[in-house]
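The values are calculated or read from the model by the stated rules, or taken from the named source; none is laboratory data. Everything numeric here is computed off the predicted structure, so don't read it as measured data. Note that we place each Cβ from the backbone using ideal geometry, even for glycine, and neighbour counts take in every protein chain shown.
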Amino acid sequence: MSCPTPLRHALLPLAIACAFPAIADEATTLRQVVVTAPAMEAPLTVTTDPRAPRQPVPAHDGADYLKNIPGFSVIRKGGTDGDPVFRGMAASRLGILLDGEMILGGCGMRMDPPTAYVFPEAFDRITVLKGPQTVKYGPGNSAGVVLFERQPKVRESFSAYADASLLAGNFGRNDQVLEAGVGNAGFYGEVTGTHSHAQDYKDGSGNKVHSAYDRWSTSGALGWTPDRDARLELTFARSDGKAAYADRSMDGARFERSNVGLKFEKKRISPLVSKLEAQVYYNYVDHVMDNYSLRSQSGMQMVSNPDRKTQGGRLAATLELGSKTSLETGIDFQTNEHTLRKASGAAVAGYDSLPRGADMRFNSRGVFGELSHELDAAQRLIGGLRVDWSEAEDQRSGKTTSGQTDKNTLKAGFLRWESAFTPTTTLYAGLGHSERAADYWERSKAPGATSTMNTGAASTFVLKPEKVTQLDTGAIYAAGPLKASASLFYGKHKDFIQIRQINAFATDAFNIDATTYGAEADVSYALTQVWKTWGTLAWTRGENDSTGKPLSQIPPLEARLGAGYGDQVWSAGALLRLVQGQTRYDTGYGNIVGQDIGASSGFAIFSLNAAYKPKKGMLLSAGVDNLFDKTYAEFISRSGASVGGFTQTTRVNEPGRTLWLKANIAL
């Protein structure tokens, strides 16, 4: 729940730079402050460095990091653990993989989405794959896939390294990250420790928001590389934390995660088999939420302790079918079990000794193939097919659906054309289809009142699988000082699973038909060798075809404009974020994360940053976010709850003026 004392003491002082000799052959090159996502350099793919200093400074979780990428929003709940939303699609519609592993939270109210267990600086690369344009990463990823990836260091001889970063800011914000590794051509070991802490922040009006958190994680890898083409790696992770929530009557008192995984990779096996990959993993999440440990409670104390065990694996081979044709094919599987125990009143003192009750169990098995064929030197076709067999079992007692099993065969596929139209321009267009079975949160919604929009399912446990067919197209341009990209999408959703808020205590789930469309764009222009300008744009629109109303939980138009200076030693930048008010909404309807509250106002947020490189391997950066201390809330937000000692708001307000200072040190 708090950082282990030895790790905390090792990371806090800036004098850490003196504790490690410069043992790596080459010091890591540290990047300048990043204020927008990098330009899309490959069709429907955005890649970013999670270790680069970033503005606005993100909370120490995956969702708050993703919100800086055009098209992403975050459903605000408190200071951390928000739910990422891409193009208006949230939760199971957006695949989140940690080094190829699936992790699922335990909380029935989404206190702990998968990104709650992501510590961005523990990874080397974050890759976003837009739309249903790949079949390699599991079923149901209709909105896209986000890959948090590590990259083991390649060594010819013995070497060692250590990297650290420290961050401090107002509202008690402080982060510490330390990564170290050692190895040679045959073996390696790497370990990463992170800790992040913040007190309740204040909005622009000076009102405190119930939002304090404290999080820590440790992760590592042990690898054997018998030659340059083979790698066997054992990975492990452990993390925990606590977080206050401004949108509900309970807080997160524990977010404990344990993980172990094993990977094998072999390249250049034969002229036909260029790569073979195998992976198995185990993830266990033990989550506790209560109404007394992080807030004042004069009434009855309550505690809930769900957990989830997720196990999975993958086997894939890349085949070179010809000089211009390659095929990646494989199988994957996953099973996860959810249990729950709860207590109230005097029983909370011994809740952890109570037996757990079985809740739901899920398993899926899939087979996929993704083929790439070069039509000529400038054009290629990429396509894929996937079939999954999924099963969900209701193990809850006392429910009308107890004992029910729902089995589905899910199909997915896509075909995309890419063309290097000129040396400076790439064009692409792809048509994709994805199907997704209802997830744990959708299946657990109470039946409630009968809805005239219900498609006739016998209960909310058995919902029709979602089906989306989407066109993605766009262009990428790079010539001299100018880089630009644009992506457009148009999707038809059949049996889209929508959540309705019946009253303060109940929701239900049902299928509708919907349409979504929109665009993202980014552009950067180098005025000189040291001065640059950039901008991004994201726009999404949704229609509920079953009712004729706007589709709920769709963020408004957003633009970001920036300018910066950077030489070999100094850099500075400014960022203006412009968000339009949202008048298209459907009050009380949404997804498993949140429902529309009503219209929202537009806002403009201005931020500044500067950085200094005193020597090779060190970067000092500082910034101020929300310079003019604006009071505002995002359209995509949970409703503010009544929490003792705090002002209740319509939405959970965003932080006011935030000052931060960060040091990155490569040793």
Candidates Phe635, Phe628 - the one that is in contact with a Pro (Cβ under 7 Å, 6 or more places away or on another chain) and either within 30 Å of Glu466 (Cα to Cα) or touching a residue at least 24 places away in the same chain (Cβ under 8 Å) (or both): Phe635
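Table: residues versus (1) surrounded by fewer than 24 Cβ atoms within 10 Å (Cβ to Cβ); (2) closer than 25 Å to Ser165 by Cα; (3) of a type in the set (A, V, I, L, M).
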residue: Glu190; (1), (2), (3): yes, yes, no
residue: His195; (1), (2), (3): no, yes, no
residue: Ser211; (1), (2), (3): no, yes, no
residue: Asp214; (1), (2), (3): yes, yes, no
residue: Ser219; (1), (2), (3): yes, yes, no
residue: Leu222; (1), (2), (3): yes, yes, yes
Counted residues, region 481-524 - those being in contact with a His (Cβ under 9 Å, 6 or more places away or on another chain) and either free of Cβ contacts under 8 Å to residues at least 40 places away in the same chain or farther than 20 Å from Val593 by Cα (or both): 3
Tally, over region 132-157, of residues that are surrounded by 22 or more Cβ atoms within 10 Å (Cβ to Cβ), part of a strand (DSSP E or B) and not β-branched (Val, Ile, Thr): 2
Condition met for Glu654 (touching a Gly at 6+ places or on another chain (Cβ under 9 Å), surrounded by 17 or more Cβ atoms within 10 Å (Cβ to Cβ), in a loop (DSSP other than H, G, I, E, B) and among the acidic types (Asp, Glu)): yes
Residue under evaluation Arg248, criteria (1) of a type in the set (Lys, Arg); (2) at pLDDT 95 or above; (3) not in a strand (DSSP E or B), criterion not met: (2)
Only listed residue being surrounded by fewer than 16 Cβ atoms within 10 Å (Cβ to Cβ) and within 29 Å of Thr45 (Cβ to Cβ), chosen from Ala526, Ala506: Ala526
Wholly within region 486-566, strands (runs of 3 or more DSSP E) carrying at least 1 residues that are at pLDDT 95 or above and polar (S, T, N, Q): 507-526, 531-544
Set Ala253, Ala278: member being touching a residue at least 40 places away in the same chain (Cβ under 8 Å) and of a type in the set (A, V, I, L, M, F, W, C): Ala253
Given (1) farther than 15 Å from Asp359 by Cβ; (2) among the small types (Gly, Ala, Ser); (3) in contact with a Phe, Trp or Tyr (Cβ under 7 Å, 6 or more places away or on another chain), index of the condition Ala392 fails: (1)
Cβ-Cβ under 6 Å pairs, at least 6 apart or on other chains, region 159-181 side outside any strand (DSSP E or B), far side hydroxyl-bearing (Ser, Thr, Tyr): Phe171/Tyr201
Residue match in region 581-602 (condition: more than 30 Å from Ser642 (Cα to Cα), in contact (Cβ under 8 Å) with a residue 60 or more places away in the chain, surrounded by 19 or more Cβ atoms within 10 Å (Cβ to Cβ) and small (Gly, Ala, Ser)): no
Unique residue being at pLDDT 95 or above and either under 26 Å from the mean Cα position of the chain (by Cα) or surrounded by fewer than 22 Cβ atoms within 10 Å (Cβ to Cβ) (or both) when the list is Lys615, Lys630: Lys630
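Yes/no matrix, rows are residues, columns are (1) within 19 Å of Gly78 (Cα to Cα); (2) modelled with pLDDT of 95 or more; (3) not aliphatic (A, V, I, L, M):
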residue: Val569; (1), (2), (3): no, no, no
residue: Leu578; (1), (2), (3): no, yes, no
residue: Arg584; (1), (2), (3): no, yes, yes
residue: Ala604; (1), (2), (3): no, yes, no
residue: Ser607; (1), (2), (3): no, yes, yes
residue: Gly645; (1), (2), (3): yes, no, yes
residue: Glu654; (1), (2), (3): yes, yes, yes
residue: Arg657; (1), (2), (3): yes, yes, yes
residue: Leu667; (1), (2), (3): no, no, no
Residue in region 182-202 that is within 24 Å of Asp251 (Cβ to Cβ) and out of contact with any strand residue (DSSP E or B) (no Cβ under 6 Å at 6 or more places or on another chain) present: yes
Per-region count, region 410-431, residues over 14 Å from Lys130 (Cα atoms) and of a type in the set (Lys, Arg): 1
Residue count for region 397-427, restricted to those that are of a type in the set (Asp, Glu) and in a loop (DSSP other than H, G, I, E, B): 0
Close pairs from region 122-133: first farther than 24 Å from Gly491 by Cβ, partner of a type outside the set (Lys, Arg) and surrounded by 22 or more Cβ atoms within 10 Å (Cβ to Cβ), Cβ under 6 Å, at least 6 apart: Ala122/Thr194; Ala122/Ser219; Phe123/Phe148
Output for region 378-410, where each listed residue is touching a residue at least 12 places away in the same chain (Cβ under 8 Å) and surrounded by fewer than 15 Cβ atoms within 10 Å (Cβ to Cβ): Ala378, Gln379, Ser397, Thr400, Thr405, Lys407, Thr409
Options Arg248, Arg238, Arg308; residue that is without any contact (Cβ under 8 Å) to a residue 24 or more places away in the chain and under 30 Å from Gly78 (Cα atoms): Arg238
